[in-house]
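Rule-based calculations on the coordinates, nothing more; no lab input. Remember, predicted model here, so these are calculated numbers, not experimental data. Every residue, glycine as well, gets a Cβ built from its backbone with ideal geometry; the counts of neighbours run over all protein chains shown.
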Amino acid sequence: MNVSLGRHLSSDHPRVLVVDGSKLVRRVIEQTLVASLPGVTVLQCETGVEALGHLGEGAIDFVTTALRLSDMDGIELARRIRESAPQAYMPIVVVSGDVQERLLERSLSDIITDYFDKSLGFQALAEFIRGYVRPTEATPGEVLYVEDSRVVALATRRMLEKHGLTVLHVVTVEEAIDMLETAQAMDRIGADLVLTDVNLKGELTGADLLDRIRRRLGYGKGQLPVIVMTGDDNPQKQAALLRAGANDLVEKPIDERLLLTKLLFQLRVSRHLRARLGTPA
């Protein structure tokens, strides 16, 4: 689903290309971005052809496109941007109300960097874009990390702690469930996010952990985000993890920037939703 991010742009004056057939949607996205990202320049485009015309005007830090445009499909626009863009790295994100369905069907092309579900709201979209164009901004939080390889765990833990995160590392799903159940008994969630491998020591897998979190503990995706790391590129198996309640997947070998971008975005959205609902951490 995702292409390698290569490098991140962290300009103080990012340029964001917003492609959507709705003038209202474009205006709301621009207003939200201007309020959330000082110095941002938003280039509004109604059509794919109009968007392509901006590529020669200077570097674009981020592209967001609807799936359906009047002159071409959003996937086709992304392909043409990849072929025409003068810069090596340009995140292209699909913003759609039915992107989850396409994700489950594994029908999003590899030319798309990521996806965003419109139902999360435009403020969450602004935080999403912030994570890409300004990835160095720290987002504090506690990550319950489930990994049975101590070598991998050490490297990943250092990576996350370098960005201001607190890492609670356990080796098995059983340990993770015990921690979450103990926290719930104390009227707490116990972590801000769960990062887990699929295949682990013990009888339970990452898929079992997802099932316990969503069904037994009753935490929705907004309350306790779960990112699953997997080395299996089988589309059916990946789709099953998403249906089971994973917020997102990161394929192995892990790209540090990709993992951090996804993880920090989920933390920001979850914090926003918890604050709105008054949910304890």
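Fully extended, how many nm does the chain gain between ALA35 and GLN223 (0.36 nm per residue separation, minus their Cα-Cα distance)? Gain on extension, ALA35 to GLN223, equals 65.1 nm.
Under the convention that each Lys and Arg Cβ holds +1 and each Asp and Glu Cβ holds -1, the size of the dipole of segment 141-277 around its Cα centre is about 580 debye. Taking a Cβ cut-off of under 14 Å around GLN31, the surrounding Lys, Arg, Asp and Glu residues balance to a net charge of +1, with basic ones at +1 and acidic ones at -1. For segment 141-277, the residue among VAL173, VAL152, PRO235 whose Cα projects farthest onto the positive side of the dipole built from Cβ charges is PRO235.
Within the set LYS221/LYS252; LYS201/LYS237; LYS23/LYS118; LYS118/LYS262; LYS118/LYS162, which residue pairs have Cα atoms separated by over 27 Å? Walk me through the numbers before you get to the answer.
On the way: LYS221/LYS252 22 Å; LYS201/LYS237 20 Å; LYS23/LYS118 16 Å; LYS118/LYS262 16 Å; LYS118/LYS162 31 Å.
Table pairs above 27 Å Cα-Cα are LYS118/LYS162.
Provide the FRET efficiency to the nearest 0.05 for the SER119-GLU181 pair, computing r from the beta carbons and using R0 = 35 Å.
Numbers: r = 30 Å, r/R0 = 0.84.
The pair SER119/GLU181 has a calculated efficiency of 0.75.
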